[in-house]
Amino acid sequence: MRHGIAEDACAGTDADDAARKLTGKGRRETKQVAKALKKLGIRPNVFLSSRRVRARQTARIVAKVFGVKNVTEIDALDCNSTFELFVGELNRRMKKRKETFVLAASHEPFCSEFLHRAGAGQGTQIAAFRKSAVAMIAWSAEAKAGAGELLLYLTPAAK
């Protein structure tokens with residue numbers, strides 16, 4: 001999931017990109033997408049986030065809709081992360097649990113790159129990964145490049 005709409009980099013007194021918070025609209029759209037996921041019967045059981053404030057807030061909003069309090073922050077979801085780094089993290093987590101449904105809140109360009117690499121050659125290219133949008137990717141075995149299947153791409157515009 002890409003984080004919701006955030007403050008401009010120059011908003012407030014802290015221009016540090018990592019400290020940018022979600023706007024009211026960003027929080028509303030994120031909650032709207034979370035409720036749509038729940039309505040579809042999609043139930044993540046692991047919530048991960050980049051350490052940047054806007055991604056943490058996004059993951060926490062979604063977790064709250066699902067009645068979950070624990071969101072784990074990981075470096076593998078930073079906007080400058082790589083597909084390989086995050087897939088390694090996913091595979092380590094999946095070995096610990098038989099079935100894992102992960103919601104991961106991150107940034108661009110990471111979200112688009114991840115989506116493309118997960119299902120390269122299988123029609124999973126989305127021109128621009130919209131803010132507050134979520135893509136659901138499934139692997140039949142270990143997560144690796146080109147082996148994922150895009151099951152859902154949901155934006156705040158969906159009801």
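The values are calculated or read from the model by the stated rules, or taken from the named source; none is laboratory data. Bear in mind the structure is a predicted one, so any value in this text is a computation, not a measurement. FYI the Cβ positions are ideal-geometry reconstructions off the backbone, even for glycines, and counts take in every protein chain you see.
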Residue satisfying all of: in the stretch 126-159; of a type in the set (Val, Ile, Thr), modelled with pLDDT of 90 or more and out of contact with any Gly (no Cβ under 6 Å at 6 or more places or on another chain); surrounded by the most Cβ atoms within 10 Å (Cβ to Cβ) among these: Val134
Residue in the stretch 123-145 that is closer than 30 Å to Arg28 by Cβ, aromatic (Phe, Trp, Tyr), touching a residue at least 40 places away in the same chain (Cβ under 8 Å) and out of contact with any Phe, Trp or Tyr (no Cβ under 7 Å at 6 or more places or on another chain) present: yes
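Would you confirm whether any residue within the stretch 118-135 is among the aromatic types (Phe, Trp, Tyr), in a loop (DSSP other than H, G, I, E, B) and over 12 Å from the mean Cα position of the chain (by Cα)? Spell out the reasoning first.
Let us first name the residues in the stretch 118-135 that are among the aromatic types (Phe, Trp, Tyr), namely 129.
Within this subset, residues satisfying the condition of being in a loop (DSSP other than H, G, I, E, B) are 129.
From the residues that got through so far, the ones that are over 12 Å from the mean Cα position of the chain (by Cα) too are none.
No: zero hits.
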Count of residues meeting criterion [surrounded by fewer than 21 Cβ atoms within 10 Å (Cβ to Cβ) and either of a type in the set (Phe, Trp, Tyr) or at pLDDT below 90 (or both)] in the stretch 94-111: 8
Exclusive hit being modelled with pLDDT of 95 or more and at positive phi, set Gly67, Gly26, Gly12: Gly67
Candidate set from the stretch 13-65 (those that are under 21 Å from Tyr153 (Cβ atoms) and β-branched (Val, Ile, Thr)); member that is surrounded by the most Cβ atoms within 10 Å (Cβ to Cβ): Thr58
Candidate set: the stretch 74-93, residues that are surrounded by fewer than 17 Cβ atoms within 10 Å (Cβ to Cβ) and of a type outside the set (A, V, I, L, M, F, W, C); chosen: the one nearest to Gly146 (Cα to Cα): Glu84
